[in-house]
Amino acid sequence: MNSQKDTLYASPLGNVDGFEFDNSVVDVFPDMIQRSVPGYSAIISAIGLLASRFAQADSICYDLGCSLGAATLSMRHKISAPNCKIIAVDNSTAMLARCQKIIVRDTAAIPVDLVCSDIQDINLANASVVVLNFTLQFIPLAERDAFIKKIYAGMNPGGLLILSEKLMFIDTRQQSIQTELHHAFKKANGYSDMEISQKRASLENVLIPETFAQHKSRLLQSGFDNAEVWFQYFNFASIIALK
Ligand code: GEK
């Protein structure tokens with residue numbers, strides 16, 4: 001399905017509203033995420049490889065905050081364990097309606113259930129792979145501990161959580177250099193300074209990044225045996241945690 005070019009922040013906006021995953025975002029989403037998140041395609045491909053290694057027979061793989069289903073499709077094309085299914089969840093009706101069209105056009109055999117819900121409210125069980133690809137960062141900070149504990153409780157022994165997030169850094173020089181490099185990445189991908197600053201304003205208080213140390217500590221406290229970064233490109237990282 002063709003994606004339009006993201007020009008949502010290309011004209012000056014008097015008041016920049018808080019970012020929402022509505023129809024205008026759905027139309028440009030593949031272009032937006034590709035040009036904004038360093039390493040996004042590499043992470044999506046690797047999610048398929050990780051799922052093929054960790055998906056267990058007769059289990060469920062979850063894609064939480066699935067957007068247009070990129071991680072779901074990557075898993076769907078790589079999993080060979082018998083009798084698996086994928087449950088993909090998003091609370092944006094606009095995203096999920098578009099995702100449905102994309103999944104229907106895909107002919108791979110593994111069943112996919114699409115669920116429109118807050119990811120915190122789903123009843124997660126018998127999970128061998130759980131994907132949170134740039135989604136936890138939108139959950140209120142105070143609710144993250146309980147949510148990760150709930151995910152852990154619904155996972156099978158030997159299961160894998162893939163957690164990709166924008167990171168922040170305690171060291172102020174690292175924080176400003178990594179932010180500057182991310183902006184350079186966006187400029188190199190054709191975004192103007194005004195687009196970058198208006199998008200930044202719209203995500204303020206909507207996308208709340210944490211440090212890797214905070215993520216690791218939450219994962220270990222929730223019961224995971226270990227948690228390590230397997231990919232990082234500037235201030236965007238993907239972590240794998242094993243149950
Ligand atoms: C990908 N994983 O392409 N419940 C359900 N969905 C939510 C919630 C919530 N509480 N909060 C946010 N979302 C995707 C990319 S995008 C990342 C994920 C980004 C959904 C929201 O509707 C959106 O579709 C997604 O999480 C975040 O691999 O845009 O930076």
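Coordinate-derived values only; no laboratory data. Bear in mind the structure is a predicted one, so any value in this text is a computation, not a measurement. Methodologically, a virtual Cβ is constructed for each residue, glycine included, from the backbone with ideal geometry; neighbour enumeration extends over all protein chains shown.
Residue pairs whose Cβ atoms lie under 7 Å apart, separated by 6 or more positions or on different chains, with the first residue in the stretch 54-68 and in contact (Cβ under 8 Å) with a residue 60 or more places away in the chain and over 21 Å from Asn83 (Cβ atoms) and the second within 11 Å of the ligand (Cβ to nearest atom) and in a loop (DSSP other than H, G, I, E, B), are Leu64/Thr135; Gly65/Thr135. Residue count for the stretch 47-73, restricted to those that are within 12 Å of the ligand (Cβ to nearest atom), within 18 Å of Ala108 (Cα to Cα), in contact with a strand residue (DSSP E or B) (Cβ under 9 Å, 6 or more places away or on another chain) and not in a loop (DSSP other than H, G, I, E, B): 7. If you check Tyr152 against the conditions, is it part of a loop (DSSP other than H, G, I, E, B), among the aromatic types (Phe, Trp, Tyr) and out of contact with any strand residue (DSSP E or B) (no Cβ under 6 Å at 6 or more places or on another chain)? Here the answer is no, as Tyr152 does not meet what is asked.
Kindly provide the set of residues from the stretch 89-114 that are in a strand (DSSP E or B) and near the ligand (Cβ under 9 Å from one of its atoms), ordered by number. Spell out how you get there, then give the answer.
Start the filter on the stretch 89-114 by keeping residues that are in a strand (DSSP E or B), which leaves 89-90, 112-114.
Within the stretch 89-114, Val89, Asp90 qualify.
Looking across the stretch 125-175, the residues that are within 13 Å of the ligand (Cβ to nearest atom) and among the polar types (S, T, N, Q) come down to Asn133, Thr135, Gln137, Ser164.
Filter the stretch 107-134 down to residues that are without any contact (Cβ under 8 Å) to a residue 40 or more places away in the chain and over 19 Å from Ala46 (Cα atoms), then give me how many there are.
Summing the residues that are without any contact (Cβ under 8 Å) to a residue 40 or more places away in the chain and over 19 Å from Ala46 (Cα atoms) in the stretch 107-134 gives 11.
To keep it simple, each residue is scored yes or no on (1) surrounded by fewer than 21 Cβ atoms within 10 Å (Cβ to Cβ); (2) over 28 Å from Leu219 (Cα atoms).
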site	(1), (2)
Val89	no, no
Thr93	yes, yes
Gln100	yes, yes
Asp106	yes, yes
Asp113	yes, no
Asp118	yes, no
Val131	no, no
Phe138	yes, no
